[in-house]
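**Student:** Below are the structure tokens for one structure; questions will follow.
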Amino acid sequence: MNAPGQRPPMLTVREALDVLLAAARPVTAIETIPTLDANGRVLAEDQLATIDVPSADNTQMDGYAVRAADCASGEATLRVAQRIPAGHVGQPLEPGTAARIFTGALIPPGADAVVMQEQCEAAGDNVTVRHAPADGEWIRRKGEDIGAGSVILTAGTRLRSQELGLAASVGLAALPVHRRLRVAVFFTGDELAMPGEVAAQDLAPGAIYNSNRFTLRALLENFGCEITDFGIVPDTLAATRATLRDAAQAHDLIITSGGVSVGEEDHIKPAVEAEGRLSMWQIAVKPGKPLAFGEVKDAFFIGLPGNPVSSFVTFLLFVRPFLLRLQGVAGPLAPRSYKLPAAFERLKADKRNEFLRAKINDDGELELFANQSSGVLTSTVWGDGLIDNPPGNAIAAGDLVRFIPFAELQH
């Protein structure tokens, strides 16, 4: 137990993630939508193949369908008895004959191999096959990819282009998916101004443009959320409470940026505590550290730091997996990472888990952005991703470090 006035120990990144994911309640409402419109949605039910794929034996190559026994000598001249384009059905293949056949066309009865056209020489009605094919050569067998009745996609899968193509390949024109998440966002800080509303030369002393509004909305769009943007909220407790009440109506999650510290002008904590419940976390992460998590009515609440890089990084680390779990995504949520050599030195270890902005150079090594401050948004544009540097770890040139590309963190 902590002594009076003593701060509780900071949570590790893993501990904070475990608490978030344990609290997540996936949406249960399901809607059936056209497969053409299902990109990025989360599948709600297992999907079974309605047919075999391929539906029948067919050729992988342009060439000649033959009986392998007729070509065993490696130099056989056969009469070309028929021509079979894709989408057409050939006649049974008689001994001593070949069928000119094109990629995807069905193998005629009697044929047991295909010889690619590069190994054949056509002359008039005949073809000389200069190859001794093995039984089944260049033939795709019925059902070798998918068997009718087999599970091709499991519930909890976030659908990408390849899953949609697979569904279409067995004739699934519509898919059952979880409904989209409804997310409310707002931003606190009297210093915030909007591009287009205030010209640069007219910015008041201390005013800044609200970059987080653009960053966070785009991130939420990447995850297919329905967004309600309540804009910039005045720095008062009454305004913050009123916006929270409105945001809690018919939303699954409320996200804010700024105001999650404990200063006199930071109204998120008392407002959420008055309207719902709140846990204020200090996380051993850099950039970041303060994160607020709770609920207002039936909506979850996450309060992100106001510094633009802190807001961006904590969204990727904590909000991303929470969103995916709310959407019904099953299985592990950790982004794919890679071990790459450092092309820099960072010999002073930090007590927090650092997430350093870096890019991959032409030698496959990681270069570090010179200024790792939480306010330097240019580092996120310059970089290709984040180095996950554990607490207390110094980095020497050539050390292998864990690198997470931004591309892996935005889907």
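The values are calculated or read from the model by the stated rules, or taken from the named source; none is laboratory data. Keep in mind the model is a prediction, meaning the values are calculated, not measured. With ideal geometry, Cβ positions are generated from the backbone for all residues, glycine too; neighbour counts draw on all protein chains shown. Heads up: the accessible areas ignore ligands, DNA and RNA and are worked out on the full protein's heavy atoms, side chains in. Shrake-Rupley method; radii C 1.70, N 1.55, O 1.52, S 1.80 Å.
**Student:** Considering each of 383, 331, 392, 364 in turn, give the residue that is in contact with a strand residue (DSSP E or B) (Cβ under 8 Å, 6 or more places away or on another chain), of a type in the set (Gly, Ala, Ser) and over 22 Å from residue 311 (Cβ atoms). Even if it seems obvious, please write down each step before you answer.
**Tutor:** Details: 383 fails: over 22 Å from residue 311 (Cβ atoms); 331 fails: in contact with a strand residue (DSSP E or B) (Cβ under 8 Å, 6 or more places away or on another chain); 392 fails: in contact with a strand residue (DSSP E or B) (Cβ under 8 Å, 6 or more places away or on another chain).
One residue alone meets the criteria, 364.
**Student:** Condition test on residue 165, is it free of Cβ contacts under 8 Å to residues at least 40 places away in the same chain, loosely packed, with under 15 Cβ neighbours inside 10 Å, closer than 24 Å to residue 54 by Cβ and of a type outside the set (Asp, Glu)?
**Tutor:** Numbers: free of Cβ contacts under 8 Å to residues at least 40 places away in the same chain: yes; loosely packed, with under 15 Cβ neighbours inside 10 Å: yes; closer than 24 Å to residue 54 by Cβ: yes; of a type outside the set (Asp, Glu): yes.
Against the criterion (free of Cβ contacts under 8 Å to residues at least 40 places away in the same chain, loosely packed, with under 15 Cβ neighbours inside 10 Å, closer than 24 Å to residue 54 by Cβ and of a type outside the set (Asp, Glu)), residue 165 qualifies.
**Student:** Counting only residues that are under 18 Å from residue 82 (Cβ atoms) and either not polar (S, T, N, Q) or not in a strand (DSSP E or B) (or both), which one in segment 117-132 is most open to solvent (accessible area, probe 1.4 Å)? Give the derivation first.
**Tutor:** So in segment 117-132, the residues under 18 Å from residue 82 (Cβ atoms) come out as 117, 120, 122-129.
Adding the requirement that they be either not polar (S, T, N, Q) or not in a strand (DSSP E or B) (or both) leaves 117, 120, 122-125, 127, 129.
Values: 117: 70, 120: 25, 122: 68, 123: 67, 124: 80, 125: 115, 127: 1, 129: 0 Å².
Out of the qualifying residues, it is 125.
**Student:** While we're here: Can you tell me which condition residue 13 does not meet? The list is (1) of a type in the set (Val, Ile, Thr); (2) open to solvent by less than 80 Å² (accessible area, probe 1.4 Å); (3) out of contact with any helix residue (DSSP H, G or I) (no Cβ under 7 Å at 6 or more places or on another chain), and all the others hold.
**Tutor:** Here residue 13 clears every test but (3).
**Student:** What's the number of the condition residue 339 fails, among (1) in a strand (DSSP E or B); (2) farther than 29 Å from residue 161 by Cα?
**Tutor:** Only one criterion is unmet by residue 339, namely (2).
**Student:** Now for a different question. Tell me the residue from 86, 23, 98, 56 that is open to solvent by 20 Å² or more (accessible area, probe 1.4 Å) and without any contact (Cβ under 8 Å) to a residue 40 or more places away in the chain, please. Quick ask: steps written out before the conclusion?
**Tutor:** Values: 23 fails: without any contact (Cβ under 8 Å) to a residue 40 or more places away in the chain; 98 fails: open to solvent by 20 Å² or more (accessible area, probe 1.4 Å); 56 fails: without any contact (Cβ under 8 Å) to a residue 40 or more places away in the chain.
Checking each option against the conditions leaves just 86.
**Student:** May I ask you to say which residue of 86, 56 is within 17 Å of residue 146 (Cβ to Cβ) and assigned to a loop (DSSP other than H, G, I, E, B)?
**Tutor:** Values: 86 fails: within 17 Å of residue 146 (Cβ to Cβ).
Selected residue: 56, the only one of 86, 56 that is within 17 Å of residue 146 (Cβ to Cβ) and assigned to a loop (DSSP other than H, G, I, E, B).
**Student:** Then there's this: crowded, with 17+ Cβ neighbours inside 10 Å, assigned to a loop (DSSP other than H, G, I, E, B) and among the hydrophobic types (A, V, I, L, M, F, W, C): does that describe residue 78?
**Tutor:** Values: crowded, with 17+ Cβ neighbours inside 10 Å: yes; assigned to a loop (DSSP other than H, G, I, E, B): no; among the hydrophobic types (A, V, I, L, M, F, W, C): yes.
So residue 78 fails the test.
**Student:** Go through (1) over 27 Å from residue 144 (Cβ atoms); (2) touching a strand residue (DSSP E or B) at 6+ places or on another chain (Cβ under 7 Å) for residue 124 and report which single condition fails.
**Tutor:** For residue 124, the exception is condition (2).
**Student:** Same structure, new question: Out of all the residues in segment 101-108, is one or more open to solvent by 30 Å² or more (accessible area, probe 1.4 Å), in contact with an Asp or Glu (Cβ under 9 Å, 6 or more places away or on another chain) and either β-branched (Val, Ile, Thr) or under 30 Å from residue 327 (Cα atoms) (or both)?
**Tutor:** yes
**Student:** Which residue out of 207, 250 is within 30 Å of residue 157 (Cα to Cα), surrounded by fewer than 22 Cβ atoms within 10 Å (Cβ to Cβ) and hydrophobic (A, V, I, L, M, F, W, C)? Give the steps one after another, and end with the answer.
**Tutor:** Numbers: 207 fails: within 30 Å of residue 157 (Cα to Cα).
Residue meeting the stated conditions: 250.
Each row is one residue, and each column tells you yes or no for (1) open to solvent by less than 10 Å² (accessible area, probe 1.4 Å); (2) more than 18 Å from residue 252 (Cβ to Cβ); (3) in contact with a Ser or Thr (Cβ under 6 Å, 6 or more places away or on another chain).
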{"position": "278", "(1), (2), (3)": "no, no, no"}
{"position": "288", "(1), (2), (3)": "no, yes, yes"}
{"position": "296", "(1), (2), (3)": "yes, no, no"}
{"position": "299", "(1), (2), (3)": "yes, no, no"}
{"position": "303", "(1), (2), (3)": "yes, no, yes"}
{"position": "312", "(1), (2), (3)": "no, yes, yes"}
{"position": "319", "(1), (2), (3)": "yes, no, no"}
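**Student:** When you look at residue 334, is it within 24 Å of residue 14 (Cα to Cα), surrounded by 13 or more Cβ atoms within 10 Å (Cβ to Cβ) and of a type in the set (Gly, Ala, Ser), yes or no?
**Tutor:** On the way: within 24 Å of residue 14 (Cα to Cα): yes; surrounded by 13 or more Cβ atoms within 10 Å (Cβ to Cβ): no; of a type in the set (Gly, Ala, Ser): yes.
Against the criterion (within 24 Å of residue 14 (Cα to Cα), surrounded by 13 or more Cβ atoms within 10 Å (Cβ to Cβ) and of a type in the set (Gly, Ala, Ser)), residue 334 does not qualify.
**Student:** Report, by residue number, each residue of segment 393-411 that is more than 20 Å from residue 362 (Cβ to Cβ), within 22 Å of the chain's Cα centre (by Cα) and outside any helix (DSSP H, G or I). Walk me through it before giving the result.
**Tutor:** Here is the first cut: in segment 393-411, the ones more than 20 Å from residue 362 (Cβ to Cβ) are 393-396, 402, 404, 408-411.
Remaining after also requiring within 22 Å of the chain's Cα centre (by Cα): 402, 404, 408-411.
Answer for segment 393-411, where residues must be more than 20 Å from residue 362 (Cβ to Cβ), within 22 Å of the chain's Cα centre (by Cα) and outside any helix (DSSP H, G or I): 402, 404, 410, 411.
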